[in-house]
Amino acid sequence: MIQIEQISKSYNAHAALKQASFKVDRGELFGLIGPDGAGKTTLIRILMTLLLPDSGKAHIGQWDVVKDYRKIRQHVGYMPGNFSLYRDLTVEENLRFFASVFGTNIKTHYHLIKPIYEQIEPFKNRRAEKLSGGMKQKLALSCSLIHRPELLLLDEPTTGVDAVSRQEFWQMLGTMKEHGITVLVSTPYMEEADLCDRVALIQNGEILEVASPKNIVDHFSSHLYRIKGKERLGLINALRSLSLFTKVYPFGEYIHCTSDEAVEPVVISQQLGQLGMDEIVIEAALPGIEDRFIELMA
Amino acid sequence: MRTILYLIRKEFLQIFRHKIMLPALFIMPFVQLIILVHAADFEIKNIKIHIINHENQNWNVRLISQFMASEHFVVHQVSNSYTLAYQQLEKREVDLILEIPKDFEKNLLKSNKASVFIGANAIDGMKAGLTTFYTNSILRSFNKNIVLEQMKIANSRSTAGIQTKTVFWYNPEMEYAHFMVPGILVILVTAIGMFFTGINIVKEKEMGTIEQINVTPIRKYQFLIGKLAPFMLLALMELAIGLTLGKLMFDIPMEGSLWLIFGFSVIYLFTILGLGLLVSTFSNTQQQAMFISWFFLMIFVLMSGLFTSIDSMPAWAQKTTWFNPVAYFIDVNRKILLKGSEFADISGHFIKVGLIGLVVNFFAVLNYRKTSA
């Protein structure tokens, strides 16, 4: 459905995308995962024909993102990162307006948005500016689906949304597959990767890896240990000073350490003991997407 | 075509829901017509004058009584002290001092020559100018009376004299309202065309809604027509309201064809809406658009001949009015309403404003395409 080949884009001297390439299959729920400033928005805006790439090619279906922008705008749905519907129009007026400019009406594809729109329908005469964050997202999603696009591009739809709404939102994205709609969604939250069919990890404008969430975790090749102690900052510094690990980083309540060779936990606690650190929990740990992401980072 | 209609419908929904726009649209013409038309009356009445008189001779008294009879002057005091008069001028209790010197009548009758002193407070240059102008005209008519009387005494047969009689064409009663209303109407129409359009287009940028519009099949020209057409309609409506109010409140004459006024308005609004669009391409926020529009409007209005006659500007300044659409529209409005000009009389204005409009819109659209993806 999407083919991206060697796309590069710079803003003045800053390279936002460096030779990014990957493919998204038809009907997939595909995640573009990376921290803020990784190049996610730039990539989505190029696909949505709002930005021109400096070099490289990208296709949506058989349409080129530069030449066939009008076709793409007709057949792709887009939900930008910032709420960009008319705040001074009501829920229903927004939906009707976007339906009409696509040459359709609310009824034609109502079945598609029904599970989402039903939740905000009680407020259909309320102005969009008066909606809560979660409801705004649902309205924006409804508006981007009202013309039954073949592909849906979502730029960080769950950023700044509460945990319950986020979960609901992902459930709704899951149902798009039943309607044969391909979804490309970007997010800075690593834990959301598990909800996608496949993901691309992106950092500093480079695509690090493209695979299913399970395979990404399987690709983790180092040995991982999680360590917990009283004095966190001192412990991190102590662990970094030992020459046992390739990477040491905080991870929730633990500290994750990776090494190329297996290390006995006893060895670690001995060495820490020499530095005056005791009462430390050391366990071998199972890697997650974030561990693989950090492993891939230079 | 259907898309444009949807856009226009959306635009009107937003305009009618806007907190400021709609009230402004209906209240502005009332306030501007009532306040500006009355305030911008250049006719000066009630000029306070102090007359210094040293002798109570016949001609002295007659001169003083002429000032007393004039509707322009209020005689504040008659005294024989220049110091007192000057103090009053300094304290702004009076606007003008007239001193009738000693031996005024004697000189007048003996040597046919006498002089008076006039002193005016010239802080407000325009008022001082008009004041001395009124004073001179009283003195002139006083002079004429003397000459006529002296001649009657010399030979009782009446002599033929040249009489000048002034007739004010196209505004016979010298009604300032009739002169001002057509100009105020232009300001109203311009404010809507430029301010509201510029702000409205930038609002889409500022709110980010342009992002969502850009990913729909809406073409750029459709978007622009959808944006500009509602304001063209609103501005024409405003003109109609203004003309109606002008007729009801000031009974302004409507000598020429109203169709011609509306026809010219369409060409004029094409230009002004283009300016609004141009301003919007330079701005990222509504505030910026407001500021740039205000800057243009200020210059256009001050240089338009609404308050100061273009003919009294220096030559270089007069040339700048060639590029001032506001000046053309005010001129056209006055010509059609007061003078009953026909299309043939103002066809030059049609062409010039149309040309300005083409140039402005060309750059506006060019810049719009460049600044939006």
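Things worth noting here:
- The magnitude of the dipole of the protein assembly as shown, with charges of +1 and -1 set on the Cβ of Lys/Arg and Asp/Glu and taken from the Cα centre, is near 2580 debye.
- Of the chymotrypsin sites (Phe, Trp or Tyr not before Pro) in segment B:282-373, the ones in a loop by DSSP (not H, G, I, E or B) with at most 16 other beta carbons within 10 Å are B:307.
- GNM top mover of B:230, B:29, B:314 - chain B, alpha-carbon springs below 10 Å: B:314
- Between the beta carbons of residue A:15 and residue A:297, assuming R0 = 25 Å, the FRET efficiency works out to 0.90 to the nearest 0.05.
- Computed over segment A:220-296, the Cα gyration tensor eigenvalues convert (square root of 5λ each) into semi-axes of 19, 13, 11 Å, ordered from largest to smallest.
- Hits among lysines - C-alpha to C-alpha of residue A:247 under 18 Å, sequence gap 8 or more where chains match: A:228
- Once the convex hull of all Cα atoms in segment B:1-158 is built, its volume per residue stands at 196 Å³.
- Least to most buried among B:194, B:180 (fewest other Cβ within 10 Å first): B:180, B:194
- From the Kirkwood radius over Cα pairs of chain A, Stokes-Einstein at 37 °C and 0.692 mPa s returns a whole-number translational diffusion coefficient of 155 µm²/s.
- Working from the Cα coordinates of the protein assembly as shown, the gyration tensor eigenvalues give, after taking √(5λ), semi-axes of 81, 32, 20 Å in decreasing order.
- Using 0.36 nm per residue and subtracting the Cα-Cα separation, the extra length available between residue A:284 and residue A:126 on full extension is 51.5 nm.
- Residues A:256, B:50, B:38 arranged by fewest to most Cβ contacts within 10 Å: B:38, A:256, B:50
- Rounded if a/c under 1.5, otherwise prolate or oblate - segment A:138-223, Cα gyration tensor axes: prolate
- Span from the segment B:286-308 Cα centroid across to the segment A:167-189 one, whole angstrom: 51 Å
- Backbone N atoms of segment B:97-129 closer than 12 Å to the 7 Å Cα→Cβ label point of residue B:136 belong to residues B:129.
- The calculated P(r) of segment B:238-373, using every Cα pair and 10 Å bins from 0, goes 11, 35, 36, 15, 3, 0 in percent.
- Taking the C-alpha atoms only, the angle from helix B:176-191 to the longest principal axis of chain B is near 20 degrees.
- Across the options B:79, B:147, B:123, the greatest Cα extent toward the positive end of the charge dipole of segment B:47-154 (unit charges at beta carbon of Lys, Arg, Asp, Glu) belongs to B:147.
- Residue among A:152, A:272, A:224 with the largest mean-square fluctuation in a Gaussian network model of chain A, springs linking Cα atoms under 10 Å: A:272
- In chain B, the longest principal axis of the Cα atoms and the axis of helix B:220-250 are about 30 degrees apart.
- Charged-residue dipole, Cβ positions (Lys, Arg, Asp, Glu), segment B:47-154 about Cα centre, Debye nearest 20: 300 debye
- Anchor residue A:107: lysines whose Cα lies under 26 Å away (excluding residues fewer than 8 positions away in-chain): A:71, A:124, A:130, A:136, A:138, A:177, B:10
- Taking 21 Å as the straight-line reach from the Cα of residue A:18, the lysines in range (excluding those fewer than 8 positions away in the same chain) are A:9, A:40, A:57.
- Legend: ranking of residues A:257, A:196 from fewest to most surrounding C-beta atoms inside 10 Å; resulting order A:196, A:257.
- Placing unit charges on the Cβ atoms only, positive for Lys and Arg and negative for Asp and Glu, gives segment A:44-127 a dipole magnitude near 80 debye about its Cα centre.
- In this structure, residue B:82 and residue B:144 have a Cβ-Cβ separation that, at R0 = 25 Å, corresponds to a calculated FRET efficiency of about 0.35.
- In plain terms, the chain from residue B:56 to residue B:262 could stretch by 67.9 nm, reckoned as 0.36 nm per residue minus the Cα-Cα distance.
- Rg over Rh for chain B works out to 1.15, using Cα positions for both radii and the Kirkwood form for Rh.
Here, each number is a calculation from the coordinates, and none is a lab measurement. Here the structure is a predicted model, which is why all the values come from computation and not from measurement. Please note: Cβ atoms are built from the backbone with ideal geometry, for glycine as well, and neighbour counts cover all protein chains shown.
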